[in-house]
Structure formats: structure tokens, C-alpha cells
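Notes follow the structure.
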Ligand code: AHR
């Protein structure tokens with residue numbers, strides 16, 4: 001969008017004369033096309049698939065039957081059930097050795113045959129039982145036994161699919177299942193797709209007889225009607241005993257029409273991102289809730305009936321229909337390199353943390369070598385030959401492997417060395433990635449690792465983190481390995497992932513692209529969410545049985561990747577700040593705790609050296625409004641005596657903007673320590689200093705927005721944990737756009753209102769275009785004056801790709817899936833430097849082709 005030169009001149013003058021009169025924002029952007037900065041890694045943007053929130057099972061994997069093999073009520077390997085809890089083996093925890101974790105998880109399976117039920121019409125007598133007689137295969141040892149005493153007007157075995165089966169008029173569905181019967185069952189059975197009201201959408205009658213041995217039945221069901229929450233019914237019309245197993249239903253249209261393939265809309269979303277690579281299959285999924293139940297790629301290849309499935313730590317079984325071979329095939333189909341993550345003999349640190357000792361890690365190393373051989377070994381090799389037998393003689397595009405997920409520390413580093421050596425000896429071309437825990441580069445790990453190709457750090461951050469710490473990676477030392485941000489997202493303080501999340505993600509991407517000499521790969525996480533069963537708050541692509549939509553962050557990543565420069569260019573941005581950014585922390589103050597009982601006294605507010613408030617709880621407790629918690633006054637002390645989260649007392653008299661707040665606080669019980677709310681707009685919107693969070697050990701600033709909280713600063717370790725019964729002096733200095741916090745007279749932490757405008761420029765070497773990427777997370781537009789040093793662009797037409805919303809809480813939805821997507825427009829460049837207005841809450845990419853390029 002062009003803005004007039006006069007407006008820029010006027011705004012500049014006003015801002016220079018007096019920032020308080022300034023009504024707009026101005027950025028003077030200068031780009032230096034001859035000053036090359038980091039090259040941008042062609043593999044920078046990839047994707048990370050994990051079996052979480054039914055992303056695969058009931059999601060990307062197009063199978064429509066839930067619990068097709070009747071194995072979903074089985075406990076994961078090595079676990080037992082105790083009063084509704086799944087309890088893993090009580091052996092030592094990897095990071096806490098010799099301690100044994102007492103972690104357990106709720107077992108939500110409530111009957112023997114989840115997703116299946118029996119429907120009986122008038123006069124019918126029938127029942128179903130899980131059976132282990134005469135298994136179909138060792139991997140599918142259970143079947144469902146249907147005993148029909150009297151068929152009455154009908155007995156139907158019903159599968160509800162994954163929160164419904166999407167049936168579309170005119171489409172064909174491939175049904176297959178196995179049946180065996182005893183001698184007494186005669187007669188046909190009927191397969192139907194039906195609505196919940198038993199309206200038939202598709203039907204097929206099998207007249208062939210079943211018999212004592214397992215027999216496979218197959219048909220195509222042609223839909224005559226549409227219904228998103230349909231179900232599959234297998235109906236029996238005679239009395240007898242029938243065993244049913246491995247019931248499978250696929251839409252005949254799958255991505256690239258592959259049998260056992262992927263759901264088209266979801267696969268197309270993934271393909272649309274043009275990912276350089278796919279990381280698979282996790283995540284915590286790789287680690288398992290205990291070592292015995294962790295995934296093993298060899299169990300995920302070959303005939304579907306021979307795959308026993310894997311228990312996802314997110315609380316459900318994967319059939320492994322989307323197995324290792326399908327993953328490699330999918331990578332090839334979307335033109336991405338494969339990144340396979342394998343278990344290294346350690347289960348999830350946040351779950352049981354059980355592990356195999358270092359001297360038993362040999363089979364894990366061998367399994368990794370075999371997996372690589374399966375993907376890229378010659379057809380003469382053992383595993384390469386199996387790949388060929390499974391239909392793919394040519395090597396798959398496996399390029400990377402990762403040793404474990406989120407393992408960390410010295411012992412892991414040493415274990416990694418064993419894997420690295422063995423893999424590099426046999427497959428020097430494969431890049432080997434080390435995990436780094438659920439945070440940034442880990443010192444103990446990197447010190448123990450002799451050599452790695454890439455380190456994978458995970459950065460889930462709250463609102464504003466990528467803006468406050470925008471120079472985070474600029475400061476990283478450059479070493480002989482690249483960094484892979486294997487899991488990133490802004491997922492705190494941004495609802496379920498709104499426009500503000502997308503703006504923060506965009507700021508992260510700019511930070512990654514700018515540092516692409518160091519950061520060679522990234523992938524957003526989690527990728528997919530079946531809205532009927534989310535296990536994580538903020539996910540990139542959402543779907544139900546029939547619909548899907550991508551969040552705004554998806555479009556940010558897409559537009560960033562589609563407009564990835566080959567090389568970054570030096571650029572400078574001069575911001576002429578406007579008056580309204582002054583005094584950003586005005587509001588009320590308060591006192592609060594979290595799962596903690598505490599006392600507060602001697603509260604003072606000092607403005608310009610004058611004490612404007614002094615607590616006197618005995619005489620003036622009416623100054624305070626208690627929102628939640630059990631607040632009691634005794635002498636000069638205000639005590640919070642309740643358990644639980646969110647107790648809050650607000651000093652209700654007035655707002656403060658710049659001031660010093662002094663108080664004394666003492667913990668009397670509970671888990672954490674003190675929280676001091678500031679800049680309170682109301683009881684659901686404020687910033688707070690949390691001193692003694694995470695079991696008294698750290699401090700940080702947290703933003704409470706519409707009643708949900710998120711830590712917005714990097715946590716600071718306290719010198720020593722907050723002690724119960726001891727008084728602490730807290731001082732908080734609030735200036736125009738900065739807050740400083742002191743504990744017992746010593747500086748503890750600070751928070752500054754972040755810049756909300758970021759620019760990165762680069763060059764497309766093929767087309768010669770200059771690419772300017774800008775994020776404006778502010779509520780006001782950003783008027784800019786852009787000059788490209790030494791290049792004449794006047795008279796040229798530029799292309800602007802703009803993603804914008806009027807409201808930071810805006811989101812795409814099932815009903816309006818493409819409400820917020822990038823839109824393109826042209827703009828005419830009217831001089832050697834030109835003006836452009838970046839919209840509020842926007843991500844913008846400008847492509848400018850200089851004359852002669
Ligand atoms: O993406 C969700 C989880 O976050 C992943 O499973 C794990 O690697 C990370 O902690």
C-alpha cells in the first residue's frame with residue numbers, strides 16, 4: 001500500500017519535534033544489496049509429524065475405522081492397570097537415577113472394544129465379546145465375537161469411526177474385513193454406511209458363506225448420500241457365532257491415490273508448505289511412556305494385519321498403518337527429505353523415564369542402522385531387498401536421523417557418541433541429529449558429544465518472547481554443527497493460536513532466517529489436531545471427520561518459505577517512536593500467589609520520591625478488593641491462606657503509571673512463592689512478577705490475558721530457593737516501558753516492552769528480486785520509507801504479499817477457513833526511495849525487481 005510522501009514528511013516532523021504529538025509510527029528502512037549477510041538454508045522450513053491429537057490415526061492416515069484390529073483395549077507393553085491408572089514398570093528414571101519415577105497415567109479405555117457397539121432391533125438377542133480364540137495373526141491376537149441368539153429384526157455391529165465417518169455422495173469406499181463362524185451360522189451378512197438415524201448411505205450384501213477358518217471379505221461401497229458423522233454397520237441375519245477382525249474402510253480417493261494412503265485435504269496442506277523435510281514419528285511418541293512400549297520401525301512395515309500397533313504417550317493406540325514405509329513414501333510424494341527419529345533406549349523424561357543401560361544399547365544401534373538400510377540401502381542388502389519387496393526398489397529420500405527425542409545430559413551425550421560412530425561408519429552421507437531436551441542448546445550434552453552434525457533444540461514460547469528476545473540466536477556461538485529448531489511455536493497467551501500467535505511465529509521465522517548460517521532447519525509443532533481429541537493447546541492444522549482449516553501461523557510459514565531469499569542483505573531500520581508507547585505499564589497493583597500461602601506487609605508506592613500509598617490493613621483494608629483466595633488481616637500483615645491457583649487482592653484506589661513498589665513477603669506454605677500483579681486492567685488482564693515459581697526456584701514475568709497466564713520472560717534462576725517462614729524484601733521499579741525487580745536489595749530481573757516491528761531483507765538470486773519481510777505486531781500501521789542503496793527501483797512495480805487482521809485475537813475456523821490468508825497486490829515505486837504502509841497486525845513480504853535484474 002502506498003502512502004503519500006507528504007504524510008511521511010509530516011509524521012517525521014511531528015515525531016522529531018515532540019514525540020508526544022506523534023500520531024503514527026515511522027520506520028526508515030535502508031537496504032544494502034551489496035552487503036551480503038547469511039545465506040538462507042534451503043532446508044530451513046520443514047514439518048514435524050507426531051502421533052498426537054489423532055494427527056495420524058483418525059487424521060492424516062486415511063483409515064476410517066477406529067480400532068480396526070480390536071486391539072485398542074490392550075495395555076501397552078510392560079504396563080499394568082491399578083485402579084484406573086496405567087502404571088509403567090518401576091525401574092529407575094534416566095535423568096533422576098537411581099530414583100524411580102512414580103508417574104502414572106489415567107487409563108481412559110472403558111470397555112473391551114472401544115469405538116464398537118452392538119445395535120439390536122426388535123426381538124433380537126445378541127451380545128459381543130472380545131475374543132482371543134484362534135487369532136487372525138500374532139500381531140492381531142484379538143477379534144470380536146458376535147453371538148446372535150435370535151436375529152429379530154436385525155443385529156448390527158457398529159463402528160463409529162473417528163468421531164464419525166465422512167461419507168460423501170458419489171464417492172466410493174473400500175471395505176475389507178475378516179470373518180470366521182461356527183457351524184451354526186448360515187446366511188448372508190450386510191455392510192452398510194448409515195447415518196445415526198439409520199438412514200442407509202451405501203450398502204453391500206455378502207452372499208458368500210463364511211466358515212470355520214478366517215476369510216477375507218471385500219467390497220466397494222458407493223455412497224448415495226452425504227453425512228459427516230456416518231458409521232459402519234455389519235449386520236447379521238441369522239443366529240450363530242461370528243468372529244470379526246481387521247475391519248478396514250478407506251476412501252477410494254487418497255493422496256496420490258496410494259492404497260493405504262493419506263487423507264487428501266490434510267496431505268495437501270502439508271504439501272502446500274513445500275517442506276524441505278519431514279521429521280517423523282515424534283516427539284514424545286518416539287520415547288514412549290516406558291522403554292518396552294516405545295515404537296519399533298520393524299513392527300510398522302509389511303502387511304497391515306502383521307503390525308501390532310504402538311501405544312502413543314498421548315493416550316491412544318496407533319495402528320501403525322502410517323508406518324515407516326508409508327512415511328518414506330509420503331516424503332517422496334511431497335518432494336521432502338525424510339528425517340527419521342528413533343528411540344535410543346530411553347523413554348520420556350516427563351513420563352516413566354525408564355531406560356536400558358548403556359551396555360544394552362547395541363540392539364538400538366542395530367535397529368537404527370537397519371532402518372537406514374531399509375530406506376537407502378541397495379536392493380542387494382537385507383533391508384534394501386525388503387524395501388524392494390514392499391514395492392520400492394529405488395532408495396527413499398532419507399537424509400537425516402535423530403537419536404532420541406528431548407534426551408539431554410552427559411549420559412545421553414555419551415550414548416549419542418555410540419550411535420554417531422556406528423551410523424557414520426556405515427552411512428557417512430546421513431546427517432545425524434542430537435536432541436537437546438525441551439529447551440535451548442544444553443551445555444552438559446554438547447560437552448559430552450564428540451561430534452554431531454546438527455543439534456535439535458525445542459522452543460515453545462509465550463506471547464512476545466520472539467520479540468523481546470529477537471536477538472537470541474545472534475548471540476549464539478557458531479560451532480561445527482548446525483542448529484535445528486525441531487519444535488517451535490508461540491503457544492502461551494495467544495488463545496488457541498490466534499493472529500498474535502502468528503505474528504510471534506513470524507517474528508521467530510525472521511529470527512531463524514536471519515541466523516540461517518547457524519539455524520539450518522526448523523519445524524513448527526504440533527502439526528495436526530483432530531478437534532475431537534486435542535492433546536495440546538495450540539496446533540497448526542485442525543480438522544474433524546469432514547473439514548479442516550489451517551491456522552494463520554500456517555500461512556505465515558507458507559509465505560515465508562515461498563519467499564525464502566537465497567541470501568540475506570544488510571538492512572537498517574530506524575524507528576521514530578510515537579508518544580503513545582510511553583507509560584505502557586499503567587494500571588493497578590495487586591498481590592497474588594499460586595498453590596501457595598503467603599503473607600505481605602509494608603507495601604509502599606513511591607512516585608517521584610513521594611510515598612503515595614502505604615499499607616495500613618487494620619484501618620484501611622477497604623482499599624483492597626479480594627477477588628479470589630482466603631485473605632485475612634492480622635496487625636500489619638495481609639495473609640493469603642487458601643490453596644490453589646489465582647488468589648488475587650487488588651489495591652483498588654487508583655492506577656499508577658511510573659512508580660516504585662516496595663513490600664515485604666513471607667511464604668507460609670505451599671509449592672511456589674510470591675506473585676506481584678502490575679499494570680492491572682482487571683482481574684483477568686495484567687502482568688505479574690512471579691518470584692519463586694517452579695517450586696521456589698525461578699523468577700519471571702508472566703502475562704495474564706483474558707484469565708490465562710504465560711511466562712513472557714526468560715526464567716531467571718534464584719540464587720537460592722525461596723524459604724518458608726523467611727521475610728523477603730521486594731522492590732519493583734516501573735518506568736515508561738521497563739520494569740525492574742529487586743529481591744533483598746539485589747537486581748533480579750527486568751522486562752521491557754518489546755519492539756513490535758521487525759524487518760529482514762534478502763535477495764532471490766535467480767530473479768534478482770529484493771525481498772523485504774516485515775512483521776508489524778502493533779495495533780497501529782507502520783509508515784515506512786524504504787531506500788535500496790545504489791539500486792534504481794523508481795518506476796518499477798513491486799509485489800506485496802500481505803497477511804493482516806484487524807484484531808490480534810482473530811483466527812481462521814472451520815466455518816471461515818480462509819478468512820485470514822495472504823493476499824497479493826502490486827504497488828508502484830515512485831522514486832529511488834519509496835513509501836509503504838505496513839498494516840497493523842500484519843506480516844508483509846515485498847518483492848522488488850530492480851531495473852535490469
Ligand atoms: O509437540 C508436542 C511435544 O512437545 C512433543 O512430543 C515433545 O517432543 C515436546 O515436548
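Based on alpha-carbon centroids, what's the gap between the range 183-204 and the range 478-530 in Å, whole number please?
A separation of 49 Å, based on Cα centres.
Just for the Cα atoms in the chain, what are the lengths along the principal axes, largest first, rounded to whole Å?
Reported extents, whole Å, longest axis first: 96, 79, 58.
Per the helix-only calculation at 222 nm, which mean residue ellipticity applies to the chain, given -39500 (n - 2.57) for every DSSP H run of n ≥ 4 and division by its residues, nearest 500 deg cm²/dmol?
Roughly -4000 deg cm²/dmol at 222 nm, from the helical runs in the chain.
What percentages, rounded to whole numbers, describe P(r) for the range 301-387 computed over all alpha carbon pairs with 10 Å bin width beginning at zero?
Percent of pairs per bin, in order: 15, 37, 39, 10, 0.
Report the FRET efficiency, 1/(1 + (r/R0)^6), for residue 182 and residue 410, where r is their Cβ-Cβ distance and R0 is 56 Å, rounded to 0.05.
0.40
Write down, largest first, the equivalent ellipsoid semi-axes of the range 405-558 in whole Å, where each equals the square root of 5 times an eigenvalue of the alpha-carbon gyration tensor.
The three semi-axes for the range 405-558 are 30, 19, 14 Å.
Kindly express, to the nearest 10 degrees and within the range 0 to 90, the angle between helix 499-514's C-alpha long axis and the longest C-alpha principal axis of the chain.
80
Compute the acute angle (0 to 90°) between the alpha-carbon long axis of helix 5-17 and the principal axis of greatest extent of the alpha-carbon atoms of the chain; round to the nearest 10°.
Helix 5-17 sits roughly 60 degrees off the main axis of the chain.
Based on the Cα gyration tensor of the range 162-246, what are the three equivalent ellipsoid semi-axes, each the root of five times an eigenvalue, rounded to whole Å and given largest first?
25, 12, 11
Restricting the count to DSSP beta bridges whose residues both fall in the range 11-159, what percent are antiparallel, rounded to a multiple of 5?
Among the beta bridges of the range 11-159, antiparallel pairing accounts for roughly 95 percent.
At what distance in nm do the modelled label points of residue 832 and residue 350 sit from each other, each positioned 7 Å from its Cα along Cα→Cβ?
Going from the residue 832 label point to the residue 350 one covers 5.5 nm.
Fewest to most neighbouring Cβ within 10 Å: what's the order for 522, 137?
137, 522
What is the angle, in °, between the Cα long axis of helix 552-562 and the longest principal axis of the Cα atoms in the chain? Nearest 10 is fine, range 0 to 90.
90
Round to a whole angstrom and tell me the spacing of the C-alpha centers of the range 678-746 and the range 752-766.
Answer, in whole Å: 31.
Expected output is a single nm value to one decimal: the length gained when fully extending between residue 474 and residue 697, i.e. 0.36 nm times separation in residues minus the C-alpha distance. What is it?
77.5 nm
Under 20 Å from a point 7 Å along the Cα-to-Cβ line of residue 133: which residues of the range 239-256 have their amide N that close?
So the set is 239-247.
Along the Cα→Cβ direction, 7 angstrom out, place labels at residue 737 and residue 211. What is the inter-label distance in nm?
Placing both labels 7 Å along Cα→Cβ, they lie 8.3 nm apart.
Taking 0.36 nm per residue of separation and subtracting the Cα-Cα distance, what length does fully extending residue 125 through residue 635 add?
176.1 nm
Bear in mind that the values in this text are calculations on the coordinates, not laboratory data. Every value quoted in this text rests on a predicted model; they were computed, and no experiment measured them. So basically every Cβ, Gly included, is an ideal-geometry build from the backbone, and we count neighbours across all protein chains shown.
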